Amino acid sequence: MPHHMKALVFRGDNDLRYEDWPVPRVGPADVLVRVGAVGICGSDVHGYLGKTGRRTAPMIMGHEFAGDVMRVGKRVRELHPGQQVAVFPYASCGSCACCREGAAAACPVKRMFGVFDVNGGMAEYVSVPARQLIPLPRGAEVVHAALAEPLSVAAHGVEKADLRRDTRLAIVGAGAIGLMCLVLAKRLNVESVAVLDLAPDRLKLAKRMGAARVIHSDRGAAPPSGRFDVVIEAVGVAATLNQAVRLARRGGQVVVLGMSQREIPLDMFDIVAREIRLEGSFNYNLQEFARIVGMLPSLRTDLDRVVSHLVPLEHGVDMFRRLAQGEAGMCKVILTGGAGPGEEQSGGRKRAT
């Protein structure tokens, strides 16, 4: 094994570099994973721009990743070199009240790959505790396994929603999380799903993926207030959260997944008077994540549609710049192992060559 690897290193606000970094050490209970695919999350872009304070330079971002087992620690028995694995991205203490109650995502001391000072998956190799690795089922692709993390976020929110076949559901936001909520709602046979967004290309994609109705939020076409039983908010800014509340019927439910703005003013008179149930949905546990990994082969078509760009890691700096500028047509960007000079359209993705 080489002593150094290539990585996207966050050096400070708007300062991301593709450079050499030491290959991480492998402890006795750890596994060295060669990263095959890593997704760029919206929170990574916010961190790159210095908006959150949740990326501590210098560090390597990336909490949505999967790859191949390269080396195992001496105490690891259940995994072997050559296996393809998805990475459960956070470790909790296991002993606090949250962990004991099965809410490890709320553990006050949990550590997550690619967040704060914990190096993540935007590198050639990552050392991962064996207990955080889920072998891929037959028929699953590493690129899709990198989507298991955002898909688990979506699934946790969808499970909180009171969904039945006849539920009138609205999803505010047609980014990757919102589209994954759409996919999962359709798997539950929810017949009436409306998707709202500002981007025509994303609304077109939502329609292709089974939305009964798509609505451009800024063209006066929004439906009358109070028409939806459940509203899933997948953006997390003041305008969209307030819109989600208005869309909900009296006694309806609003499930909030978006986390883009820390403080948001809301019309509490409206929420209280109409008895709107406002519920946050943050993260998933290991069992939920493993279940989603097991579903990946059956979701291939929809996941391919969500991935707009499939690009080698070495082009990651440019991808971050374009995402930060809000370039149209960019839904989910996946960085892959290997190298390539550019992009070409392949299927539903832009694939690096």
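Of note:
- Pairs of Lys residues in the chain, spaced 8 or more positions apart or belonging to different chains, with C-alpha separations under 23 angstrom: 14 in total.
- Applying the criteria of a DSSP loop state and at most 13 other Cβ atoms within 10 Å to the trypsin sites (Lys or Arg not before Pro) of the stretch 1-63 yields Arg25.
- Packing-based ranking, highest mean first, of 300-307, 230-237 given that Cβ atoms within 10 Å are counted: 230-237, 300-307
- Rounded if a/c under 1.5, otherwise prolate or oblate - the stretch 130-171, Cα gyration tensor axes: prolate
- Rounded, prolate or oblate (a/c below 1.5 giving rounded, otherwise prolate when a/b exceeds b/c) for the stretch 75-135 by Cα gyration tensor: oblate
- These residues, Met70, Met259, Met330, go from largest to smallest accessible area, 1.4 Å probe, as Met259, Met70, Met330.
- Sorting 309-319, 107-117, 260-270 by average packing, meaning the other beta carbons within 10 Å per residue, from highest down gives 309-319, 107-117, 260-270.
- Computed label-point distance, nm, for sites Leu49 and Arg262 using a 7 Å Cα→Cβ extension: 1.6 nm
- Column: log10 I(q)/I(0), Debye, Cα scatterers of the stretch 93-210, q = 0.17, 0.20, 0.21 Å⁻¹: -1.06, -1.18, -1.21
- For the chain, calculated [θ]222 nm from helices alone, where every DSSP H run of n ≥ 4 adds -39500 (n - 2.57): -7000 deg cm²/dmol
- Look at where the Cα atoms of the stretch 238-266 and of the stretch 75-105 average out, and the two centres are 32 Å apart.
- Rg over Rh, two decimals, the chain (C-alpha only, Kirkwood Rh): 0.97
- Relative contact order for the chain, counting Cα pairs under 8 Å that sit 6 or more residues apart, in percent: 17 percent
- With viscosity 0.890 mPa s and temperature 25 °C, the Kirkwood radius over alpha carbon pairs of the stretch 194-301 converts through Stokes-Einstein to a diffusion coefficient of 159 µm²/s.
- For the stretch 35-94, the calculated P(r), taken from all Cα-Cα distances in 5 Å bins from zero up to the bin holding the longest distance, is 4, 15, 18, 19, 18, 13, 9, 4, 0 percent.
- Taking the centroid of alpha carbons for each part, the stretch 1-21 and the stretch 129-205 are 31 Å apart.
- With Cα atoms, 0 to 90° folded angle of helix 286-295 axis to the chain main axis: 90 degrees
- Ala290-Arg164 pseudo-label distance in nm [points 7 Å out on the Cα-to-Cβ vector]: 3.3 nm
- Cut-off under 5 Å, modelled amide H: who pairs with Ala37 long-range: Ala66, Gly337
- Proportion of all alpha-carbon pairs of the stretch 1-155 beyond 21 Å (%): 45 percent
- Average accessible surface area per residue within the chain, 1.4 Å rolling probe, Å²: 45 Å²
- Using a probe radius of 1.4 angstrom, the carbon and sulfur fraction of the accessible surface of the chain is 50%.
- Relative counts (whole %) of C-alpha pair distances in the stretch 259-311, using bins that are 10 Å wide: 16, 25, 28, 25, 6
The values are calculated or read from the model by the stated rules, or taken from the named source; none is laboratory data. Everything numeric here is computed off the predicted structure, so don't read it as measured data. Here the Cβ is made from the backbone with ideal geometry for all residues, glycine too, and neighbour counts use every protein chain on show. Side chains are part of the model used for accessible areas, which takes the heavy atoms of the whole protein and leaves out ligands, DNA and RNA. Shrake-Rupley method; radii C 1.70, N 1.55, O 1.52, S 1.80 Å.
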